[in-house]
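Working notes, beginning with the structure itself.
The values are calculated or read from the model by the stated rules, or taken from the named source; none is laboratory data. The structure displayed is predicted, hence computed values, not measured ones. Methodologically, a virtual Cβ is constructed for each residue, glycine included, from the backbone with ideal geometry; neighbour enumeration extends over all protein chains shown.
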Amino acid sequence: MQPIYEGKSKQVFAGSEPDTYLIHFKDDATAGNGEKHDTLLGKGVLNAAISNLLYDYLTKNDVDTHLLKVLSDTDVLVRQVTVIPIEVIIRNVAAGSFSKKYGVEEGSALKSTVVEFSLKDDALGDPMLAPSHIYALGLASDGDIARLTSQALRINELLSALLAKCGIRLIDFKLEFGRTSDGRLILCDEISPDSCRLWDAETNKKLDKDRFRRDLGGVLEGYADVLERLKAVLL
Ligand code: TMP
C-alpha cells in the first residue's frame with residue numbers, strides 16, 4: 001500500500017473506516033531539518049508506545065485527540081484531520097533554539113511559560129510566527145489561536161504533572177493540531193521523546209532526541225527508560 005503522506009518519522013495511509021487514517025511509526029531518526037539521518041531499530045515501537053500512553057492519559061483528562069485505536073505496536077488508527085500548518089511549542093525551561101536565540105543558558109528557569117508558534121515548513125526552516133503573521137498568512141483565526149493556546153497550556157499542565165510522577169522534567173515540547181470534518185480543532189501527531197525534551201529530575205540527564213541530535217549516544221536507552229517509567233505510573 002502506498003502512503004498518502006510520508007514524513008520524517010511516520011507514514012500516513014488511508015484508514016480501514018471512512019474519515020480515518022492509519023499512521024505507522026518508522027524507525028527513522030532525523031535532525032537539523034533532515035540533514036542528519038539514521039535508522040534506529042525499535043524507535044518506532046518505543047515512540048508509538050509512549051505516544052499512545054500519553055494520548056490515552058490526555059483523553060481520560062478530556063483532551064480531544066485524533067487517536068481512535070491502537071492497531072499494532074507501530075500502527076494506530078486516527079480520525080482524519082486537516083493539519084493546521086503551525087507547530088505549537090511550549091517551553092517550561094530554557095533549552096534548544098530558545099537558549100541559542102536569546103542567549104540564555106540551557107536549563108535556566110523561565111519567569112513564565114512560553115507558548116511559541118512556528119510555520120510547519122521544513123524548506124523554510126520552520127520560521128517562528130507571531131499571531132499577526134498567522135492572520136496575515138490566513139493560517140488560523142483569532143479563535144483558533146486562543147483554542148490552540150489554551151489546549152497547549154492544559155496539555156502542558158497534565159503532562160508536566162504526569163512526568164513529574166515519573167521523575168522526569170518536561171523541559172519543552174511541540175504539538176500539532178488538526179481540524180476534523182465537523183470543524184473541531186483536535187490534537188494530532190505524536191507526543192514522544194522525538195517531540196519533547198525530557199530530563200531526569202535528579203540528574204538532568206537527557207532522555208530525548210537531543211541524545212541523537214547531539215551525538216550523546218544511548219538514544220533508544222533514553223526512550224526505553226521514559227516508556228518504563230510511564231508504564232510504572234500508568235499501568
Ligand atoms: P527547539 O528548541 O529546537 O525549538 O525545539 C523545541 C521543542 O520542540 C523540542 O522539544 C523539540 C520540539 N520540536 C519538534 O518536535 N519538531 C520541530 O520541528 C521543532 C522545531 C521542535
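Among the residues of the range 1-49, those that are among the hydroxyl-bearing types (S, T, Y), in contact (Cβ under 8 Å) with a residue 60 or more places away in the chain and either assigned to a strand (DSSP E or B) or closer than 18 Å to C196 by Cβ (or both) comprise S9, T20.
Could you check, for the range 101-118, whether at least one of its residues is in contact with a Pro (Cβ under 7 Å, 6 or more places away or on another chain), modelled with pLDDT of 95 or more and surrounded by 16 or more Cβ atoms within 10 Å (Cβ to Cβ)? Checked against the condition, which is being in contact with a Pro (Cβ under 7 Å, 6 or more places away or on another chain), modelled with pLDDT of 95 or more and surrounded by 16 or more Cβ atoms within 10 Å (Cβ to Cβ), the range 101-118 yields at least one hit.
Within the range 214-227, identify whether any single residue is in a loop (DSSP other than H, G, I, E, B), within 13 Å of the ligand (Cβ to nearest atom) and either in contact with a Gly (Cβ under 7 Å, 6 or more places away or on another chain) or not aromatic (F, W, Y) (or both), and answer yes or no. Yes; the residues of the range 214-227 include at least one that is in a loop (DSSP other than H, G, I, E, B), within 13 Å of the ligand (Cβ to nearest atom) and either in contact with a Gly (Cβ under 7 Å, 6 or more places away or on another chain) or not aromatic (F, W, Y) (or both). Within the set K26, K8, K69, the sole residue that is basic (K, R) and under 21 Å from D182 (Cα atoms) turns out to be K69. Taking (1) at pLDDT 95 or above; (2) closer than 22 Å to E221 by Cβ; (3) surrounded by fewer than 17 Cβ atoms within 10 Å (Cβ to Cβ) in turn, K60 satisfies each apart from (2). Flag: K60 does not match the condition of being within 16 Å of the ligand (Cβ to nearest atom) and without any contact (Cβ under 8 Å) to a residue 24 or more places away in the chain. Across the range 191-200, the qualifying residues are those that are over 15 Å from K8 (Cα atoms) and within 9 Å of the ligand (Cβ to nearest atom), and the one among them that is surrounded by the most Cβ atoms within 10 Å (Cβ to Cβ) is L198.
Listed here are the residues, each with its yes/no results for (1) touching a helix residue (DSSP H, G or I) at 6+ places or on another chain (Cβ under 7 Å); (2) more than 16 Å from the ligand (Cβ to nearest atom); (3) free of Cβ contacts under 8 Å to residues at least 40 places away in the same chain.
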| position | (1), (2), (3) |
| --- | --- |
| D75 | no, yes, no |
| P85 | no, no, no |
| N92 | yes, no, no |
| L129 | no, no, no |
| S160 | no, no, no |
| F173 | no, no, no |
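Of the residues that sit in the range 9-53 and are in contact with a helix residue (DSSP H, G or I) (Cβ under 8 Å, 6 or more places away or on another chain) and closer than 22 Å to T82 by Cα, which one is surrounded by the most Cβ atoms within 10 Å (Cβ to Cβ)? Looking at the filtered set, the residue picked out is F25.
When we screen L77, L110 for residues that are within 27 Å of H66 (Cα to Cα) and not β-branched (V, I, T), the only hit is L77. When T203 is tested against the conditions (1) among the β-branched types (V, I, T); (2) within 16 Å of the ligand (Cβ to nearest atom); (3) assigned to a loop (DSSP other than H, G, I, E, B), the lone failure is (2). The set of residues in the range 95-118 being in contact with a helix residue (DSSP H, G or I) (Cβ under 8 Å, 6 or more places away or on another chain), more than 9 Å from the ligand (Cβ to nearest atom) and touching a residue at least 12 places away in the same chain (Cβ under 8 Å) consists of E106, S108, T113, V114, V115, F117. Candidates D172, D144: the one that is over 24 Å from A94 (Cβ atoms) and surrounded by 12 or more Cβ atoms within 10 Å (Cβ to Cβ) is D144. Scanning for something farther than 21 Å from T113 by Cβ, in a helix (DSSP H, G or I) and within 13 Å of the ligand (Cβ to nearest atom), does the range 177-190 turn up at least one residue? No, the range 177-190 contains no residue that is farther than 21 Å from T113 by Cβ, in a helix (DSSP H, G or I) and within 13 Å of the ligand (Cβ to nearest atom).
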